[in-house]
Each structure stands twice: as structure tokens, then as C-alpha cells.
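Derivation of every value follows stated rules applied to the coordinates shown; laboratory data play no part. As the structure is a computational prediction, the values presented were derived from the model and not from experiment. Here the Cβ positions follow ideal geometry from the backbone for every residue, glycine too, while neighbour counts run over all protein chains shown.
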Amino acid sequence: MNSSTVQAILIGANSLASLTSAGFCIAGMIRPGLALPNGMVVNRGTHLYANAYGARAIPLAAVTLALFALGDRSTIAPVLAVAGLAQIGDSAIGV
């Protein structure tokens with residue numbers, strides 16, 4: 001497998017992760033009770049968490065996707081590192 005194939009796979013995987021993260025974020029902002037266990041009530045804290053998550057996740061997904069679309073190779077590595085760490089944290093919180 002050559003480096004351009006590996007790079008294409010990584011870009012595709014990161015694009016999918018960014019879109020998925022942003023999609024779940026938007027769903028949570030619209031309906032914050034989606035991830036709550038049965039019987040738990042949506043309150044101000046739930047709304048605050050969903051909106052705080054959105055304030056970070058949506059711009060991060062947008063910049064990641066924009067860099068891939070524009071093909072700016074000089075900034076991809078640091079942005080992917082930050083995005084990857086954020087997505088790992090998001091996943092841990094979601095679990």
C-alpha cells in the first residue's frame with residue numbers, strides 16, 4: 001500500500017469521524033434527552049452540556065473537513081492530532 005492510499009484512507013476515516021461527531025452533536029443540541037437513561041429529566045445542566053459540546057465539536061468538525069476539502073497539507077497533521085484527541089474524549093464521555 002503506497003503513502004497516497006494510506007493518506008486517502010486516513011482522510012476518509014477522519015472525515016467520517018468528523019461528520020459523525022458533528023451529527024451526534026447537532027442531534028443532542030436539538031434533543032438533549034436522547035442519550036439520557038429512561039426516567040431521567042432534561043434540565044438546564046443537560047442543555048448546558050449539549051450546547052457546550054456543540055460550541056466545540058461543530059467548529060472542530062468544520063475546520064477538519066475544510067482542510068481536507070482544500071487540501072492544505074501544511075496544517076492537516078496538527079489539526080488531526082487535536083481533532084483525534086477531542087474525538088477520543090467525546091467517545092469516552094459518550095460511553
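Listing for the model above:
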{"item": "Contour minus Cα-Cα distance for T5 and H47 (0.36 nm per residue)", "result": "11.0 nm"}
{"item": "The chain: equivalent-ellipsoid semi-axes (sqrt of 5 x gyration tensor eigenvalues, Cα, Å)", "result": "31, 13, 10"}
{"item": "Highest-first arrangement of 32-44, 71-83, where packing means the average Cβ count within 10 Å", "result": "71-83, 32-44"}
{"item": "Value at 222 nm in deg cm²/dmol, rounded to 500, when DSSP H runs of n ≥ 4 in the chain each add -39,500 (n - 2.57)", "result": "-29000 deg cm²/dmol"}
{"item": "Spin-label model distance (nm) - L70 vs L19, 7 Å beyond Cα toward Cβ", "result": "2.1 nm"}
{"item": "Förster-model FRET efficiency, 25 Å R0, M40 and I93, C-beta, rounded to 0.05", "result": "0.95"}
{"item": "Relative contact order (%) - the chain, alpha-carbon pairs under 8 angstrom, separation at least six", "result": "30 percent"}
